[in-house]
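**Q** Got a structure here, written out as C-alpha cells. Questions coming.
Any read-out appearing in this document is the output of simple, stated calculations on the displayed coordinates, not a laboratory observation. Since the structure is predicted, the reported quantities are computational estimates derived from the model, not experimental observations. Note that we place each Cβ from the backbone using ideal geometry, even for glycine, and neighbour counts take in every protein chain shown.
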Amino acid sequence: MITGATSGIGFATAKLLAKKGYNLIITGRRNDKLQEIKEKLTHKYGVEIITLCFDIRDNTAVELAWNSLNDTWKNVDVLINNAGLAKGLAPVHQGSLSDWETMIDTNIKGLLYISRIVTQVMVSQHKGQIINVCSTAGHEVYPNGNVYSATKYAVDALTKSMRLDLYKHNIRVGQVSPGHVEQTEFALVRFDGDSEKARIYEDFSPLKAKDVANAIYYMISQPGYVNIQHIMLMGTQQAGSNFINRNGRLVE
C-alpha cells in the first residue's frame with residue numbers, strides 16, 4: 001500500500017514494485033491519475049492494483065476508503081507512508097497558518113490515520129512492514145523550513161516509537177530520508193504552482209524519484225528477520241540541508 005502514489009516518489013515506487021511483481025494498493029487525491037497509473041502498470045507488468053481516492057488529512061475519508069477493501073486486500077504486507085508535502089518558505093513570523101495546518105494535517109496526522117488502521121491488521125497477522133518517507137529536513141533544519149522540518153522531525157520520532165510499539169509483533173518499521181529530489185511535484189507545491197520559483201534544481205544534480213524508490217525496494221526485499229531502520233540519501237553535490245554545491249549539474 002503506497003500513499004501519495006500519483007506523482008514523485010510514490011509513483012516511482014509503485015512503478016518499481018509493479019515491475020518486481022507486487023500487487024498494489026495505490027492512494028491519492030487525483031482519481032484520474034490513479035486510474036491512469038493502474039491501467040499503465042497492470043498492462044505492462046500484469047499485477048493487480050486497487051486504487052483508493054481520498055484526502056489523507058480526513059480521517060473519515062481514510063476509514064471509508066479502507067473499509068471499501070475486501071478482507072484479502074486488507075492483509076497489507078507493506079505500508080509505505082509517502083504522502084507528504086511542503087507549503088511555503090517563510091520565516092516563522094511571516095508564516096501562513098493555512099500552509100502550516102496543511103503540512104501538519106498531511107505529514108503527521110495523515111500518516112497516523114492510515115498507520116493506525118493498517119497496523120491493526122499487521123498485529124493480528126503477526127507480520128508486516130512500515131516504511132515512512134521522512135526527509136533530511138527531519139534531521140537538520142534550514143532557514144525558513146520551520147514547520148516543514150518540524151513535521152519531518154515528527155516523522156522521525158514516530159518511526160522510532162512505532163518500532164518500539166510493534167517489534168514484538170514481528171513488524172518491521174523503518175524510514176527513508178532523502179535530500180533534494182527532482183521528478184516530483186515537491187517544489188511546485190511548495191511555491192503554490194509558481195513554475196519559475198520551483199526551478200530550484202537547475203544548477204546542481206539532486207536525487208531522482210527512482211533513486212528513493214530503489215532505496216525503498218532495498219528495505220522491502222530484505223529477509224523477514226532483517227529490518228533496515230533508516231536510509232538517508234542525498235545527491236553527491238548535497239552534503240546536508242544547508243550545504244549544496246550549485247556549480248552546475250553533473251554529467252550522468
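**Q** Springs between alpha-carbon pairs under 10 angstrom, Gaussian network model over the chain: which of Gly95, Gly193, Gly138 fluctuates most?
**A** Of the options given, Gly193 has the highest mean-square fluctuation.
**Q** Moving to a separate point now. Only bridges with both residues in the chain count here: give the DSSP antiparallel percent, nearest 5. Could the numbers behind the result be given before it?
**A** On the way: 2 of 25 bridges.
Among the beta bridges of the chain, antiparallel pairing accounts for roughly 10 percent.
**Q** What net charge do the residues around Lys20 carry, taking every other residue with its C-beta under 15 Å from that of Lys20, with Lys and Arg at +1 and Asp and Glu at -1? Let's see the in-between values first.
**A** Details: positive: Lys15, Lys19, Lys44, Lys210; negative: Glu48, Asp77.
Its environment carries a net charge of +2.
**Q** Taking the Cα atoms only, what angle lies between the long axis of helix 146-166 and the longest principal axis of the chain, rounded to 10 degrees?
**A** 30
**Q** Among the listed pairs Lys33/Lys160; Lys15/Lys168; Lys40/Lys208; Lys152/Lys210, which are separated by more than 29 Å between their Cα atoms? Mind showing how you got there, number by number?
**A** Numbers: Lys33/Lys160 33 Å; Lys15/Lys168 32 Å; Lys40/Lys208 21 Å; Lys152/Lys210 21 Å.
Among Lys33/Lys160; Lys15/Lys168; Lys40/Lys208; Lys152/Lys210, the Cα-Cα distance tops 29 Å for Lys33/Lys160; Lys15/Lys168.
**Q** Another one. Against the longest principal axis of the chain, how steep is helix 31-45, in degrees 0 to 90 to the nearest 10, with axes from Cα atoms?
**A** The answer is roughly 70 degrees.
**Q** Given C-alpha coordinates of the range 1-63, what is the ratio Rg to Rh with the Kirkwood estimate of Rh?
**A** Working: Rg = 11.1 Å, Rh = 11.5 Å.
Rounded to two decimals, Rg over Rh is 0.97.
**Q** To the nearest 10 degrees, how steep is helix 111-125 against the longest Cα principal axis of the chain, on a 0 to 90 scale?
**A** Long axis of 111-125 versus the principal axis of the chain: about 30 degrees.
**Q** Only Cα pairs within less than 10 Å get springs; with that Gaussian network setup on the chain, which residue of Val121, Val176, Val226 has the largest fluctuation?
**A** Comparing Val121, Val176, Val226 in a Gaussian network model of the chain, the most mobile one is Val226.
**Q** Give the span of the range 8-244's Cα atoms along each principal axis, as three whole-Å numbers ordered largest to smallest.
**A** 47, 39, 37
**Q** Can you quote the Å³ per residue value for the convex hull of the Cα atoms in the range 54-175, rounded to an integer?
**A** Working: hull volume 10.7 nm³, N = 122.
So the per-residue Cα hull volume is 88 Å³.
**Q** Of Leu97, Leu24, how do they rank once you tally other Cβ atoms within 10 Å and put the fewest first? Walk me through the numbers before you get to the answer.
**A** Values: Leu97 8, Leu24 25.
Listing Leu97, Leu24 from fewest to most nearby Cβ atoms yields Leu97, Leu24.
**Q** Now for a different question. Quick one: among Val155, Val92, Val212, which has the greatest mean-square fluctuation in a GNM of the chain with alpha-carbon springs under 10 angstrom?
**A** Comparing Val155, Val92, Val212 in the GNM, the peak value goes to Val92.
**Q** Can you put Lys210, Lys152, Lys38 in order of Cβ neighbours within 10 angstrom, beginning with the fewest? Present the calculation step by step, with values, prior to reporting the outcome.
**A** On the way: Lys210 16, Lys152 27, Lys38 20.
Ascending Cβ contact count within 10 Å gives the list Lys210, Lys38, Lys152.
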